[in-house]
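Engineer: Before I ask anything, let me first share the structure, which is written out below as structure tokens.
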Amino acid sequence: MKKLYVAMVGLPARGKSTLARRIQSGLEQQGVHTAIFNNGDTRRRLFGVASAKADFFDPANETACRNRRNIARLTMEAARLWLASKGDVAIIDATHSARSQRQDLMDYLNDFPVMFIECQTRDMELLDDFIRRKAQLPEFAGMTAAAALRSFRERIAHYVSGYSPLKDEPCWIRTDVTDCRILAEAPSSAIPYYSAIRSIITSRWVNNLYLVRHGETEYNLQNRIGGDPALSPEGFRQAKLLARYFRGVSIPYIFTSTRLRSVQTASPLLEDRPIGTGISLEDFDELHAGICEGMSYEDIKRTMPQEYAARTRDKYHYTYPGGESYAMLQERVARGLRRALFTAGEGALMIIGHQAINRTILSLFLAHRPEDIPYLHVPQNQLYHITITQGKKLFEMIRYA
Ligand code: F6P
């Protein structure tokens with residue numbers, strides 16, 4: 001087997017560790033022995049929580065700089081020993097933000113080729129959210145929430161001051177992990193596993209997504225659309241059964257829309273789960289029916305027959321006056337899904353959405369003709385369980401009520 005060092009590059013909170021784990025798991029599936037060597041782990045082991053403070057990352061702090069250089073050396077040394085024995089690919093998970101650091105790495109690890117992977121995030125809202133979440137990690141436990149966030153932002157600012165994107169390094173890929181997209185690359189035929197790694201980066205990665213539609217609502221009973229109705233008694237029963245079905249199952253993140261019916265469906269599930277598990281995203285709010293919000297399909301047919309007919313003719317492109325079409329949903333739902341998947345990392349997640357939203361999410365996974373999307377089956381007592389990783393593709397429907 002050929003051997004390779006993969007060095008991650010990027011500011012904190014850009015998804016380096018998430019991607020490193022994906023690459024490890026994807027390569028392992030192909031029989032390539034891969035291990036991750038994380039600089040942060042070395043730092044925390046040697047210097048503990050004191051090293052979470054921003055001054056540890058200040059380029060003007062000479063002692064800290066020396067300590068950080070030593071940490072980097074120890075991490076690299078562990079990677080080198082592993083490749084020298086049984087390993088095929090050693091991933092060094094660190095910021096490697098300055099060109100000089102990357103040169104050090106190439107000088108030190110000169111026994112096998114090095115490939116760099118730079119992670120950037122173009123979704124600023126998602127980045128902000130992710131920074132807030134990272135500021136809650138155990139290494140900030142000794143600080144108040146506000147101090148932790150301040151300190152983490154200061155740390156990032158120190159990195160920004162010395163940051164230089166990849167440019168002249170011999171082989172690299174720049175990616176937006178939240179989008180599974182390659183932004184730029186400098187390939188090299190001398191690098192083993194390049195195309196395997198490239199394909200892992202661009203593959204959508206979903207590990208146990210439970211896609212649920214909210215329970216039955218008062219509006220559903222009257223065949224009315226949109227609005228912000230509460231669950232019906234049957235809807236509350238379905239929500240309880242959903243919680244019972246998932247009792248004891250770890251789901252670190254449960255995403256809802258901002259609508260009452262979605263939040264109420266999540267409520268029994270969230271009761272005995274840690275704070276922070278539930279996140280409401282507007283991206284998952286139901287298709288907006290404009291002037292038809294709150295009306296029944298019969299009312300629309302009777303009072304606006306031409307609108308009704310236009311929607312029947314082309315349901316995918318039809319836009320409610322003052323509202324949305326299925327075609328318009330694609331972008332915002334894809335953004336919500338991107339956010340949810342990135343936030344969940346490798347963990348399981350649930351999305352409690354709506355009929356049109358869940359149809360759109362399904363269409364992002366299954367290659368459907370656009371005109372078929374508005375007719376996908378999204379019942380209120382069954383859910384979709386989806387896993388798509390390098391080695392596994394699973395798409396199953398589960399009845400829970
Ligand atoms: O009826 C429930 C509902 O979620 C409405 O709020 C929404 O307008 C509708 O489903 C979407 O389904 P369709 O596109 O089939 O009308």
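Engineer: Taking θ = phi - 60°, what integer Hz values does the Karplus form 6.51 cos²θ - 1.76 cosθ + 1.60 yield along the range 364-376, in sequence order, with x for Gly and Pro?
Structural biologist: Result, ordered by residue: 6, 9, 9, 6, 9, 5, x, 5, 8, 4, x, 10, 5 Hz.
Engineer: Probe of 1.4 angstrom, ligands and nucleic acids ignored: what's the accessible area per residue over the chain, in square angstrom?
Structural biologist: Numbers: 18100 Å² over 401 residues.
Dividing the accessible area of the chain by its residue count gives 45 Å².
Engineer: What 222 nm value per residue comes from the helices of the chain, counting each DSSP H run with n ≥ 4 as -39,500 (n - 2.57) and dividing by all residues, nearest 500 deg cm²/dmol?
Structural biologist: -13000 deg cm²/dmol
Engineer: Which whole-angstrom value gives the distance between the alpha carbon centres of the range 2-24 and the range 296-365?
Structural biologist: Their Cα centres are 35 Å away from one another.
Engineer: In whole Hz, what ³J(HN,Hα) sequence does the range 73-88 give by Karplus (6.51, -1.76, 1.60; θ = phi - 60°), x for Gly and Pro?
Structural biologist: Karplus values, whole Hz, x for Gly and Pro: 4, 4, 5, 5, 4, 4, 5, 5, 4, 5, 5, 5, 9, 9, x, 9.
Engineer: Which ³J(HN,Hα) values in Hz, rounded to whole numbers, follow from the phi angles of the range 32-42 under the Karplus curve 6.51 cos²θ - 1.76 cosθ + 1.60, where θ = phi - 60° and Gly and Pro get x?
Structural biologist: 9, 6, 10, 9, 10, 10, 9, 4, x, 5, 4
Engineer: DSSP loop trypsin sites (Lys or Arg not before Pro) in the range 1-89 with at most 12 other Cβ atoms within 10 Å of their Cβ, which ones? It would help to have the intermediate numbers written out before the result.
Structural biologist: On the way: sites: LYS2, LYS3, ARG14, LYS16, ARG21, ARG22, ARG43, ARG44, ARG45, LYS53, ARG66, ARG68, ARG69, ARG73, ARG80, LYS86; in loops: LYS2, LYS3, ARG14, LYS53, LYS86.
Listed in order of number, the matching sites are LYS2, LYS86.
Engineer: Specify the angular offset, from 0 to 90 degrees and rounded to the nearest 10, of the alpha carbon long axis of helix 124-134 from the longest principal axis of the alpha carbons in the chain.
Structural biologist: Taking the Cα atoms of the chain, the angle to 124-134 is about 70 degrees.
Engineer: Give me the net charge of ILE71's neighbourhood, meaning all other residues with Cβ under 13 Å from the Cβ of ILE71; Lys, Arg count +1, Asp, Glu -1.
Structural biologist: Values: positive: ARG43, ARG44, ARG45, ARG66, ARG68, ARG69, ARG73; negative: ASP41, GLU77, ASP93, ASP104.
Net charge in that neighbourhood comes out at +3.
Engineer: Could you tell me the calculated FRET efficiency between LEU270 and ALA310, based on Cβ-Cβ distance and R0 = 41 angstrom, to the nearest 0.05?
Structural biologist: Numbers: r = 40 Å, r/R0 = 0.98.
Approximately 0.55, to the nearest 0.05.
Engineer: What's the angle, to the nearest 10 degrees (0 to 90), between helix 16-29's Cα axis and the longest principal axis of the chain?
Structural biologist: 90 degrees
Engineer: Per 10 Å bin, what is the whole-percent P(r) computed from every C-alpha pair distance within the range 131-257?
Structural biologist: Taking every Cα pair in the range 131-257, the percentages come to 9, 19, 21, 25, 16, 8, 1.
Engineer: Using 7 Å Cα-to-Cβ label points, what is the ARG369/LEU260 separation (nm, one decimal)?
Structural biologist: Computed distance between label sites ARG369 and LEU260 equals 4.0 nm.
Engineer: Probe radius 1.4 Å, ligands and nucleic acids left out: which of ASP283, ASP41 has the largest accessible area, and how do the rest follow?
Structural biologist: On the way: ASP283 10, ASP41 85 Å².
So, going from the largest accessible area down, we get ASP41, ASP283.
Engineer: Still on this structure, please answer the following. In terms of modelled amide H atoms, which long-range or inter-chain residues lie less than 5 Å from the amide H of LEU183?
Structural biologist: Close amide H contacts, sequence-distant or interchain: ARG174, THR175, ASP176.
The values are calculated or read from the model by the stated rules, or taken from the named source; none is laboratory data. Everything quoted here is computed from the prediction, not taken from an experiment. Counting neighbours? That spans all protein chains shown, and the Cβs are built from the backbone with ideal geometry, glycine included. To get the accessible areas, we keep the full protein, side chains included, count just its heavy atoms, and leave off ligands, DNA and RNA. Shrake-Rupley method; radii C 1.70, N 1.55, O 1.52, S 1.80 Å.
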